[in-house]
Amino acid sequence: MTGHRKDFPILAKEIYGKRLVYLDNAATSQKPNSVIDTISDFYRSDNSNIHRGVHYLSEVSSERYEKAREKVSSFIGADEPAEVTFTAGTTDSINQVARSLEPVLRGNEVLITGVEHHSNIVPWQLAGARLRAIPMDKDCDLLTDSIEITDRTKLIAISHASNVLGSINPVREVTRIAKEHDIPVLVDAAQSIQHLPIDVKDIGCDFLAFSGHKMYAETGIGVLYTSERFSEIMPARGGGGMVDKVTLEGTTYLKPPLRYEAGTPHIAGAISIGAAIDYMQGIGMDKIRRHEHDVYSYARERLLETDGVTVYGNTGQMCGSISFNLENIHHYDTGLILDKMGIAVRTGHHCAQPLMRTLGIEGTVRASFALYNTKEDADALIDGIGKVRMMHA
Amino acid sequence: MTGHRKDFPILAKEIYGKRLVYLDNAATSQKPNSVIDTISDFYRSDNSNIHRGVHYLSEVSSERYEKAREKVSSFIGADEPAEVTFTAGTTDSINQVARSLEPVLRGNEVLITGVEHHSNIVPWQLAGARLRAIPMDKDCDLLTDSIEITDRTKLIAISHASNVLGSINPVREVTRIAKEHDIPVLVDAAQSIQHLPIDVKDIGCDFLAFSGHKMYAETGIGVLYTSERFSEIMPARGGGGMVDKVTLEGTTYLKPPLRYEAGTPHIAGAISIGAAIDYMQGIGMDKIRRHEHDVYSYARERLLETDGVTVYGNTGQMCGSISFNLENIHHYDTGLILDKMGIAVRTGHHCAQPLMRTLGIEGTVRASFALYNTKEDADALIDGIGKVRMMHA
Amino acid sequence: MRDTVQEEIIKQFEGLEWLDRYALLISFAKELEPMDAKFRTEKNSISGCQSRVWIISHKEDGRLMFHLDSEAMITRGIMSLLMKVVNNRPPREVVDLDLYFIEEIGLKSNLSPARADGLASIIRRIREVAEGEMN
Amino acid sequence: MRDTVQEEIIKQFEGLEWLDRYALLISFAKELEPMDAKFRTEKNSISGCQSRVWIISHKEDGRLMFHLDSEAMITRGIMSLLMKVVNNRPPREVVDLDLYFIEEIGLKSNLSPARADGLASIIRRIREVAEGEMN
Ligand SMILES: Cc1ncc(COP(=O)(O)O)c(C=O)c1O
Ligand SMILES: Cc1ncc(COP(=O)(O)O)c(C=O)c1O
């Protein structure tokens, strides 16, 4: 697993004359050469609009776009490509589901968890649903035994992994309980798709949402998996490419996936997801998981044994993010000083204000890992923290 | 104006051993090297998530993203960058307006024209509005004298230029009339932004929508201009980056433009629009208009003087698209044969079924022009048409 | 499994330039007996085609006979080839038939799932009809 | 227009490495008298900052006196510099003041409109207060 750093050209960059230690992967990942080249090659030799053309380039583009859909489909274990819709990102995916299910949700309830990202909170509010959080213990572990489903509960929407704590939610257990009550489950996989092998059939969810840019692909592209039993819900958006017959009086819609892709999609973005999947599969998701787990555990342990560091959350299964604070030092100061040492972390509430309120804090410093990070990066972080503490002494 | 073809690497390609004559620009434009390189350079050296980072790359990315917003703002003559929202495309822009205005539109009426693209039809239907078309004459010219505004009319939504006919709608005249009744106007500029100098203040519209991919930039990115007086409407989407305070009970939103950009935006896409604007302004929009007008008029004239060709629509001001059919020859056959001669056109209803119904046809062959097209391309089209007719003789 | 009708078609297209292949398809189209207007209904049409395509069928002595038609000549030419290959076979054979000639005469791109006008949906319909007739 | 307070600040930062600049800001922060908790209210806070920032002001003999504070030490250090530069001037002068030292000591990126935590909003607030006091 060593040596993947060199696949990512940006990582060769020096920041303030220091080696870049990029630990802001939960915000967005860097891109390997193969993905960057796929995008420019596409624009240099195949670019065209898709689906509706009679000409050669349009055929090639359509084929590459649909190929990317197939790759995503098999990457997440969907039954067929038609269950995969390309969207603009996780946030967009969740908003589309909220919009489509609005008639059911309005005035009713969506069950979430206490660690959700705003993107899995606000869309449900805009659709007129009330939100209730599944209880968690003091380590922010979900108490699935306390899931309480009422007549008003119309959906459970939970993140697979927390973008703040790195904790992995027991999604399988949640879908099992939801099935008993025939409640659909949406899984926000924004922070798991790049770290864990994922199989939607195994998870048993009805919707799965994630972003390209956090999994080594382009910005502006995301995925919404929709299980076949929701293939006939109202499309959230209207426009070209998703309709059968249009009159001013009314419109009929095509079948999925076209039904849910109004307008010209982000063709290059979809193709870049295909390239990113090729890249990850070239290494192997299991191998990525093992390597990241090693680095993640090492970093977490070193942080825990560092004086004056509080690390948040503590569940058995974790990936991606570690959140911490230094005693008597504001997270913003920590972030600014680390930055000047070439270490990129994120600070603040990480779009998870309800969790911050539960933890009784304003924000954290978050270090988040990708396949190219190493124990060396974790060491650099620990050294940096030493420096931050010294400067505040 | 000659010589711009060489800025577009894809145009050097041969299709079936023939020089590529790309006349499907209304579907999507090709990209100049400067835009392609901007995208890959961004991923190679600056990529990061924006707005919420304390670190160097995040600062650089944020700055480049906001710079792009400023470029768009001055390109369209907005009062300030905050009036410019990045979206996923024209379709997305229009859907966002429809969603935000839904409380006003539902059960009421949106006035459109008879030449609209489905993307300016279906979103209003999904928002529960009824549609009525402003009458047009037999040449598909808008009869602005016949605009009839009732108590139920809550919005006028018109395309600036038709993607089928190439006709330019009298948008200024429409906004003037709308202002008398205090009705907001949305202009779909998907087919004008790449061809005409545009000034939103001069047009006097409240909303303007267009796509990056049709103006030499990336797929998956678009723009929605919203005049300051609509700066406090409900956001259409919820998620990270657009909220002030979030609790499970309720949420407050930031001011524009952040308010309308939920989730991680298409950062590279936005930057690519900036690069595309630089490219176009490097040539000059007036010069582009003059050149395109020459080529367009030439092509139209040659088509009109070709035996057995019907050209649709006939207004004074035109740009971009020309739609036609060959006598007794199906548009699909025409398109397939032209393709094999290296000439890329589009055939079908062009996502404008209501217009097709008005014209009493199933579809057309559409040739659409960009700044890199020349009279030579028009000649190739005419030659190709000759060949198509010969093969059907 | 190769079959003689397809082999013959492939031979006719062999070595032809693209425009000549289309010219040949158009000549086949011209020979095809047009479908009576009364059968050109919504119900008999196949959706998702760039040019409208209609299909009807009947059984003669246990063998399936399809009649296909389209507004567009090239599509019509392909329909005529499909009829040559598919017709006059028992349903079971139609279901199992490997229509390899499509790829070999260069029309595979028309089969791509990416294309709304895919030949794929026409072939799917033919197979569905045949399956229905097997029971 | 150059002014002596800013010149002096710039001199102190001259030639320093980034970490030393921050260390200096932190030392200024430590010298700053903390704002009484009762003034640290929502109303006195400036929104859009990554670390919370509070601002209060009063006039003494026609001169404006600001008190700024923040939870974060580096921000607090910047606040302390701002107070040194801005305080004790008539409102008109505050409105017109060119705060060039910010760029020269390398904090310009904290001013970028792209950053929610921009110093820009703090400076805007100072100017607004001063404008209000001019009338
Ligand atoms: C007039 C018009 N409006 C809207 C659209 C939709 O644009 P997009 O597919 O980029 O969302 C198009 C593109 O075909 C168009 O021509
Ligand atoms: C758990 C989680 N959900 C949703 C999102 C939103 O993703 P995007 O901004 O790509 O739409 C994020 C990204 O920060 C996330 O971490």
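The values are calculated or read from the model by the stated rules, or taken from the named source; none is laboratory data. Remember, it's a predicted structure, so these values are computed and weren't measured experimentally. Note: ideal-geometry Cβ built from the backbone for every residue, glycine included; neighbour counts use all protein chains shown.
Residue C:69 meets each of the listed conditions (1) among the acidic types (Asp, Glu); (2) over 25 Å from residue C:96 (Cα atoms); (3) touching a helix residue (DSSP H, G or I) at 6+ places or on another chain (Cβ under 7 Å) apart from (2). How about segment B:349-364: which of its residues are more than 16 Å from ligand 1 (Cβ to nearest atom) and either on the phi > 0 side of the Ramachandran plot or facing chain A (nearest Cβ under 10 Å) (or both)? B:357, B:360, listed by residue number. What's the number of the only condition in (1) assigned to a strand (DSSP E or B); (2) closer than 29 Å to residue B:74 by Cβ; (3) of a type in the set (Lys, Arg) that residue B:99 fails to meet? The number of the failed condition is (1). Scan segment B:1-16 for residues that are more than 8 Å from chain A (Cβ to nearest Cβ) and touching a residue at least 24 places away in the same chain (Cβ under 8 Å) and the total you get is 8.
Scanning segment A:121-131 for residues that are within 22 Å of the chain's Cα centre (by Cα) and either surrounded by fewer than 18 Cβ atoms within 10 Å (Cβ to Cβ) or free of Cβ contacts under 8 Å to residues at least 24 places away in the same chain (or both) yields a total of 3. In the set A:58, A:62, only one residue is within 16 Å of ligand 1 (Cβ to nearest atom), within 30 Å of residue B:346 (Cβ to Cβ), in the same structural domain as residue A:238 (by TED's automatic domain parsing) and out of contact with any strand residue (DSSP E or B) (no Cβ under 8 Å at 6 or more places or on another chain); that residue is A:62.
For segment B:177-191, the set of residues classified as among the charged types (D, E, K, R) and within 11 Å of ligand 1 (Cβ to nearest atom) consists of B:188 only. For the criterion of being buried (at least 16 other Cβ atoms within 10 Å of the Cβ), in contact with a strand residue (DSSP E or B) (Cβ under 9 Å, 6 or more places away or on another chain) and within 13 Å of another protein chain (Cβ to nearest Cβ), residue A:315 fails. Among the residues in segment A:65-81, are any away from ligand 2 (no atom under 16 Å from the Cβ), at pLDDT below 95 and at positive phi? The answer is no; no qualifying residue exists.
Scanning segment B:201-254 for residues that are more than 27 Å from the chain's Cα centre (by Cα) and away from every other protein chain (no Cβ under 13 Å) returns no hits. Take the residues in segment B:324-348 that are more than 9 Å from every other protein chain (Cβ to nearest Cβ) and surrounded by fewer than 21 Cβ atoms within 10 Å (Cβ to Cβ); name whichever of them is farthest from the chain's Cα centre (by Cα). Once the filter is applied, the top-ranked residue is B:328.
Put simply, of B:204, B:240 the only residue that is away from ligand 1 (no atom under 16 Å from the Cβ) and surrounded by 24 or more Cβ atoms within 10 Å (Cβ to Cβ) is B:240. Looking at segment B:285-317, which of its residues are hydroxyl-bearing (Ser, Thr, Tyr) and under 25 Å from the mean Cα position of the chain (by Cα)? Of everything in segment B:285-317, those that are hydroxyl-bearing (Ser, Thr, Tyr) and under 25 Å from the mean Cα position of the chain (by Cα) turn out to be B:296, B:297, B:298, B:312, B:315.
Here's the yes/no breakdown for (1) within 12 Å of chain B (Cβ to nearest Cβ); (2) β-branched (Val, Ile, Thr):
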site	(1), (2)
A:48	yes, no
A:67	no, no
A:75	no, no
A:91	yes, yes
A:100	yes, no
A:105	no, no
A:129	yes, no
A:149	no, yes
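Number of residues in segment B:116-127 that are more than 7 Å from chain A (Cβ to nearest Cβ) and within 15 Å of ligand 1 (Cβ to nearest atom): the value is 3. Before we move on, is residue A:51 within 16 Å of ligand 1 (Cβ to nearest atom), over 22 Å from residue A:90 (Cβ atoms), surrounded by fewer than 24 Cβ atoms within 10 Å (Cβ to Cβ) and not aliphatic (A, V, I, L, M)? Considered against the rule, which asks whether it is within 16 Å of ligand 1 (Cβ to nearest atom), over 22 Å from residue A:90 (Cβ atoms), surrounded by fewer than 24 Cβ atoms within 10 Å (Cβ to Cβ) and not aliphatic (A, V, I, L, M), residue A:51 comes out as yes.
If you go through segment B:132-151 and keep only what is surrounded by 14 or more Cβ atoms within 10 Å (Cβ to Cβ) and part of a helix (DSSP H, G or I), you end up with just B:144. On the basis of being assigned to a helix (DSSP H, G or I), on the phi < 0 side of the Ramachandran plot and either within 16 Å of ligand 1 (Cβ to nearest atom) or facing another protein chain (nearest Cβ under 10 Å) (or both), does residue A:295 make the cut? No. Looking across A:358, A:364, A:310, one residue alone is surrounded by fewer than 16 Cβ atoms within 10 Å (Cβ to Cβ), closer than 24 Å to residue D:51 by Cα and in contact (Cβ under 8 Å) with a residue 40 or more places away in the chain. It is A:358. When residues in segment B:86-96 are screened for being within 16 Å of ligand 2 (Cβ to nearest atom) and either within 21 Å of residue B:229 (Cα to Cα) or assigned to a helix (DSSP H, G or I) (or both), 4 of them pass. For the residues B:97, B:104, the requirement of being more than 9 Å from ligand 1 (Cβ to nearest atom) and touching a residue at least 60 places away in the same chain (Cβ under 8 Å) singles out B:97.
Of note, residue D:78 does not satisfy the criterion of being in a strand (DSSP E or B), among the β-branched types (Val, Ile, Thr) and surrounded by 15 or more Cβ atoms within 10 Å (Cβ to Cβ). All conditions in (1) in a helix (DSSP H, G or I); (2) under 22 Å from residue B:210 (Cα atoms); (3) hydrophobic (A, V, I, L, M, F, W, C) hold for residue B:111, with the sole exception of (1).
Taking segment A:65-87 as the range and being surrounded by fewer than 23 Cβ atoms within 10 Å (Cβ to Cβ) and either of a type in the set (Lys, Arg) or not assigned by TED's automatic domain parsing to the domain that holds residue A:271 (or both) as the test, the residues that pass are A:67, A:71.
Among residues that are of a type outside the set (Val, Ile, Thr), farther than 18 Å from residue C:50 by Cβ, away from ligand 2 (no atom under 16 Å from the Cβ) and crowded, with 24+ Cβ neighbours inside 10 Å, residue B:378 is included. Only residues that are more than 13 Å from residue A:160 (Cα to Cα), within 15 Å of ligand 2 (Cβ to nearest atom) and of a type in the set (A, V, I, L, M, F, W, C) were counted across segment A:111-125, and they come to 3. Filtering segment B:11-44 to residues that are in a loop (DSSP other than H, G, I, E, B), at pLDDT 95 or above and touching a Leu at 6+ places or on another chain (Cβ under 7 Å) leaves B:20, B:23, B:30. Filtering B:352, B:299 for residues that are under 29 Å from residue B:3 (Cα atoms), buried (at least 19 other Cβ atoms within 10 Å of the Cβ) and of a type in the set (A, V, I, L, M) leaves a single hit, B:299.
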